[in-house]
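Chemist: Once you've had a glance at the structure underneath, I'll fire off some questions.
The values are calculated or read from the model by the stated rules, or taken from the named source; none is laboratory data. What you are looking at is a predicted structure, and each value in this text was computed from that prediction instead of being measured. Reconstructed Cβ throughout: ideal geometry from the backbone, glycine too, with neighbour counts over all protein chains shown.
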Amino acid sequence: MKVARYMILAITLVSLLMPLYIMAIGSFMDMNGFMRKPPSLILHNPTMKNYRNILGGSPIVLWAVNSIVVAGATMALGIGTIILAGYCVSRYPGRIVNGLYVLFLLGVMVPKNALMLPMFVLIKNVGLSGTLASVILPSVFYPVGLFIYKNYMDKLPQDFDDSAKMDGATEWAIITRILVPMSRPVIAALCTFILMGSLQEFMWQFLMLQRKGLHTLIVGLTLKAYDTQLALIRINPIGVKMAAGMVIFVPLAMIYFFLHRYFLEGLTTGGIKG
């Protein structure tokens, strides 16, 4: 049985890592990459040409800064909203509060693509079209994050709140000095969700950020790979696309590497440790 479990685990691991391996070695092949027949899974004569094509002549630093600004602002505003809303729903339940909470969660049932047209019209009417704020503000709405944080808050005893109120602490002090430090694992998990979601978002950022100077990393690199394909009409530059994929993948991997401990702890912790 043990051998069978290890074999299943090994097969699953290989199947999950194989696409990443193919993208990694494909990014160091020539422009045709895996379009050769037969394709090779072993890297021969590695070249940096794909990376030079995708990064050369591109304001990569500016795109990276835009991505950091968008992801950082989205995370800060999203986490702030989740903490305050989660505290209100958890500590002050009632018909009105619970009704608003249910309405908020109904947003999970609506596909994001179905909201793009009304959001586009709304952003344009308020004059934010073509700005970084147009991709930051809609992403602050994160019902899943509120659901996770509210359930975590429900398991934190209100004795801490009551003791702090008896000592004269304000609700703001209770939230920032007591509940937030106790909720660090789940907050770190939510930060990971929001950061990775922001860095992977393409369609909405593409629609809103048409100017080259406002492109985020994923939008800029994707369009650069598409422009390369147009320049080489008879060749599908799969190697360039894989190089772009690796450049986008690296920051996502770094975020998970630094936050995975808090991420896993936030998903498994159900309350206060005894």
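Chemist: Quick test of your reading of the structure: LEU43 fulfils all but one of (1) surrounded by fewer than 17 Cβ atoms within 10 Å (Cβ to Cβ); (2) at pLDDT 80 or above. Name the failing condition by number.
Modeler: Condition not satisfied by LEU43: (2).
Chemist: Ok, one more. For the stretch 96-112, indicate whether the set of residues that are assigned to a helix (DSSP H, G or I) and under 30 Å from THR228 (Cα atoms) is non-empty.
Modeler: The answer is yes; a qualifying residue exists.
Chemist: Another question about this same structure. Only one of (1) surrounded by 14 or more Cβ atoms within 10 Å (Cβ to Cβ); (2) more than 21 Å from VAL140 (Cβ to Cβ); (3) not basic (Lys, Arg) fails for PHE193. Which number is that?
Modeler: (2)
Chemist: Given the criterion modelled with pLDDT under 90 and assigned to a helix (DSSP H, G or I), identify the matching residue among LEU117, LEU84.
Modeler: After applying the criteria, what remains is LEU117.
Chemist: Return the pair list, or none, for Cβ contacts closer than 8 Å from residues in the stretch 226-250 that are assigned to a loop (DSSP other than H, G, I, E, B) to residues that are of a type in the set (S, T, N, Q) and at pLDDT 80 or above, at least 6 apart or on different chains.
Modeler: PRO237/ASN50; PRO237/ASN53
Chemist: Among PRO185, PRO181, PRO138, which is the only one that is in a helix (DSSP H, G or I), modelled with pLDDT under 85, under 25 Å from the mean Cα position of the chain (by Cα) and not β-branched (Val, Ile, Thr)?
Modeler: PRO185
Chemist: Given the options VAL89, VAL61, VAL65, name the one that is at pLDDT 90 or above and out of contact with any helix residue (DSSP H, G or I) (no Cβ under 7 Å at 6 or more places or on another chain).
Modeler: Within the list VAL89, VAL61, VAL65, the selection yields VAL65.
Chemist: Something else now. List the number of the failed condition for MET208; all other conditions in (1) more than 30 Å from GLY127 (Cα to Cα); (2) surrounded by 17 or more Cβ atoms within 10 Å (Cβ to Cβ) hold.
Modeler: (1)
Chemist: Restricted to the stretch 57-102, and to residues that are surrounded by 13 or more Cβ atoms within 10 Å (Cβ to Cβ) and aromatic (Phe, Trp, Tyr), which residue is farthest from GLY130 (Cα to Cα)?
Modeler: TYR87
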